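Written out below as structure tokens is the structure these notes cover.
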Amino acid sequence: MRQRVLVSSVVGVALVIAALDATFGVPTTRLRVALALLGALGVAALGGLSVARTRRDHPLVTRVLVTVVVVVIALVATARLSSNVDTDVAIGAAMTIVLLGLSFLTGSSGQISLGNGAFMGVGAFTVAIWANHHATSPLILVLVLAVAAGAAVGFLLGLPATRLRGPYLAGMTLAFAVAFGAVLNVFGSWTGGDSGLQLPNAENAPRWLVHLYPASTASLSVNSVWLAALSVVSAGVALLLMANLFASRFGRAMRLVRDNDVAAELVGISLPRARVVAFVVSAAYAALGGALWTVVNNAVTPSTYGLALSITILSLVVIGGIGTIPGAIIGGLIYAFANSLIGWITTHTGLNPQGNVASQLNGIIFGVLLVATIVFAPMGISGALRRLWAHRSR
Amino acid sequence: MDAFLTSRPVADILGGLTNGVIYSLVALSLVLIWRSTRILNFAQGAMAMLAAYVGFAILAPTTNYWISMGVAVVAGIVLGGLTERTIVRALYGKPEINPVVAMVGFLLVLESVAAAIWSTVSRSLPTPFSIVDWQLRGRPVAMSPFALYEVVTAVVVMVVIAVVFQFTRVGLQLRAAALNPEVSRLLGVRVHRMLTVGWMLASGVGAITAVLVASNYFTGLTPTTMDGVFAFGFIAAAIGGLDSPVGALVSGVALGIAFQFVGDYLNSNAIILVALGLLIVSLMVRPNGVFTRRAQRRV
């Protein structure tokens, strides 16, 4: 109990400091007011969370408040960070959405997918193709379309998945990940073949956001704040939905399917239905993440969505912690800053940044971490933290 | 007769046979490991790739094909044993997704390490026999001395594996350890050692496969050479049934020939799609493989 109070007060103080820093460190009064309001919202949510009765009696309200705190922290941070870091945050937040999807599939229903990179590709290409034919569609419509396309492909692939277990399913999704590139090639006139597609119009910051900044600010940096905010808020919505799904009757049924499918069938859960739904949810989440990547990068290339991406996604989920929401956020953070971190390591160890070793450092570190995690700490970072936590509380 | 031998369908069958035996070998390695340890070795292709690099990159100055091939096979066997002893041993009895994840991680490590040492630039391997197709009255038969060597090597490997399993003491112990570890242990079989031997055998077969692949295909040897081949080998093993070595061999060759026809008459991009379709249909109809005798599942 004492730890909880400690943590929430630490987060609270950090939030206040960040808000103060943001408030006085930014160029215009308008932005200062906006950030102060945002910070106040975060502190208010934290205050609501600190009431024990809220946490006990209103789980839905609790989840909403936690999401608000997380999103506010990320938003305040993006307003203060450089535009390169903002882009990293946008990419990482989109990756968090993908990780939530795979975490649900693997952690709740016990299935495994090596094809989620390809599902991301479905979302990414849906956005690009649609934008090239209907340049002026509102963003929300495009994102919904991408999610629908991902869900549809997930459903098709989920049907055979209902009869497969563990390694067979992993192999089938791996084949899908390998086949995805060929599919893009077959429809080369739509997907742009090997070079991929550019979006006709970049996603620009709305006028109200531009007005918060001084007129001299480069539109690029305002846009990167906007894209980061877009990704972070989308991730927040995805997170909230997933938290509710985890806690719902369906989520509990899923965990029974994972732990003992015979028992699950005996209490009346339809195994095929549960497995297909888990697959569809995971594919839809992956597609949303891929769609956001296209919007952030303003372009899409097929080589991004190969087998390597699917393996990276699996690594991040496992390293963060399978089947937990904090694990997906940790994985997203790792992904967002992995390149910067590896660049830092490269410069501080004196490796040739263009050399073979430096360019492969990413894969070596992720691979070793993945094997070590599954052998020594199968529940990943969030599982290890939770165990530490339980140990301390006693 | 000559016109028949140089006709398009025969060319497809011969070409498909050459590719098919490769898929069979990959599938065979997977089945060997699956039967003994119930683990689908996703790092199979990468382990084989690394063994091929050890054989052909370290000994590059000598350029004697047969010495390099021997070194690659030894490297493969050692790597297989080491992998079983270090990574795999920690995973027995864990939930069935843990080994999948660990082997995918190992795949990533191996491919990155190979690229870090030898770069991603393709390396062409020497060939012991000509890769130019034989001619019949000025028209090529879709079979070269090298392709024949490939098929013969594959058959020899398969026969050796079959003989080891059926007629030797180690083979009997291997089968016993896979069938019933508890009873085998009571009867004096050193089960853990047998599991290591199984991995070494499979990995040695993998090394031969990787060398054949790297010198046959125009891709040469790169850290990701085996990715596509592994996917087809897995599909062959899954269709044939992961428990059935014969199924792996038959479906590997059948797929190789089928793909050749698809690539020739339709489109080379369609091959992997047809493969995925075949995999899905066959798994829906016979989830345990076409050649597996009884459906079994441990609850």
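Taken together, the values in this text are just the output of simple stated rules run on the coordinates, not laboratory data. Here the structure is a predicted model, which is why all the values come from computation and not from measurement. Here the Cβ is made from the backbone with ideal geometry for all residues, glycine too, and neighbour counts use every protein chain on show.
Just a few scattered comments:
- For chain A: relative contact order, % (alpha-carbon pairs under 8 angstrom, 6 or more apart): 28 percent
- The value obtained for the stretch B:75-220, namely the Cα convex hull volume divided by the number of residues, is 149 Å³ per residue.
- For chain B: relative contact order, % (alpha-carbon pairs under 8 angstrom, 6 or more apart): 35 percent
- At 0.890 mPa s and 25 °C, Stokes D of the stretch A:253-353 from Kirkwood alpha-carbon radius, µm² per second: 148 µm²/s
- P(r) of chain A over all Cα-Cα pairs, binned every 20 Å from zero, in whole percent: 26, 58, 16, 0
- Long-range amide H partners of B:N180 with built H, under 5 Å: none
- For A:A299, residues with placed amide H under 5 Å, excluding near neighbours: A:L199
- For the peptide B:34-43, the mean number of other protein chain Cβ atoms found within 10 angstrom of a residue's Cβ is 2.
- Applying Stokes-Einstein at 37 °C and 0.692 mPa s to the Kirkwood radius of the stretch B:1-136, computed over alpha-carbon pairs, gives a translational diffusion coefficient of 188 µm² s⁻¹.
- Where labels lie 7 Å past Cα in the beta-carbon direction, separation of A:A247 and B:V183 in nm: 5.2 nm
- For B:L136, residues with placed amide H under 5 Å, excluding near neighbours: B:V141
- Highest mean first, the peptides A:371-377, B:93-99, B:188-194 sorted by other C-beta atoms within 10 Å per residue fall in the order A:371-377, B:93-99, B:188-194.
- Measuring nothing but how far apart in sequence close Cα pairs (under 8 Å, 6+ apart) lie, relative to its length, the stretch A:11-98 scores a relative contact order of 28 percent.
- Calculated from backbone phi, Karplus (6.51, -1.76, 1.60) coupling profile of the stretch A:106-116 in Hz, x at Gly/Pro: 7, x, 8, 9, x, 8, 10, 10, 9, x, 5
- Convex hull volume of the C-alpha atoms in the stretch B:139-274, normalised per residue: 127 Å³.
- When each of the peptides A:350-358, A:105-113 is scored by the mean number of other C-beta atoms lying within 10 Å of its residues, the order from highest to lowest reads A:105-113, A:350-358.
- Summarising the label geometry, the points placed 7 Å from Cα in the beta-carbon direction at A:A372 and A:R56 lie 4.2 nm from one another.
- Computed over the protein assembly as shown, the P(r) tail beyond 32 angstrom holds 55 percent of alpha carbon pairs.
- Reduced Cα scattering model of the stretch B:29-88, Debye log10 I(q)/I(0), q = 0.17, 0.19, 0.30 Å⁻¹: -0.58, -0.69, -1.20
- Semi-axis lengths (Å, descending) of the ellipsoid that matches the C-alpha gyration tensor of the stretch A:304-394: 27, 16, 11
- Most fluctuating residue given options A:S270, A:S189, A:S216, as computed from a GNM of chain A linking Cα atoms under 10 Å: A:S216
- Counts of other chain beta carbons within 10 angstrom of each beta carbon in peptide A:357-367 average 6.
- Residue-wise HN-Hα couplings along the stretch A:362-370, as the Karplus relation 6.51 cos²θ - 1.76 cosθ + 1.60 with θ = phi - 60° gives them from phi, are 3, x, 4, 5, 4, x, 4, 4, 5 Hz; Gly and Pro carry x.
- What the phi angles of the stretch A:290-306 give under the Karplus curve with 6.51, -1.76 and 1.60, with θ = phi - 60°, is a coupling list of x, 4, 5, 4, 4, 5, 5, 7, 6, 6, 9, 10, x, 5, 4, 9, x Hz, glycine and proline written as x.
- Coordinate range of the alpha-carbon atoms in the stretch A:209-311 per principal axis, descending: 67, 33, 17 Å.
- Note on the stretch B:2-285: along the principal axes its Cα atoms extend 65, 50, 35 Å, ordered by decreasing extent.
- Take the Cα of B:L172, step 7 Å toward its Cβ, do the same at A:F337, and the gap between the two points is 6.2 nm.
- Scanning chain B for DSSP H helices at least 20 Å long along the axis (C-alpha atoms) with a Kyte-Doolittle mean no lower than 1.0 picks out B:8-37, B:65-86, B:97-118, B:145-167, B:191-216, B:225-240, B:245-265, B:270-285.
- Every Cα-Cα pair of the stretch A:89-316 was included, and the share exceeding 22 Å stands at 51 percent.
- Stokes-Einstein diffusion coefficient of the stretch A:136-241, Kirkwood radius over Cα pairs, 20 °C, 1.002 mPa s, in µm²/s: 122 µm²/s
- Computed [θ] at 222 nm, deg cm²/dmol, chain A (DSSP H ≥ 4; -39,500 (n - 2.57); rounded to nearest 500): -27000 deg cm²/dmol
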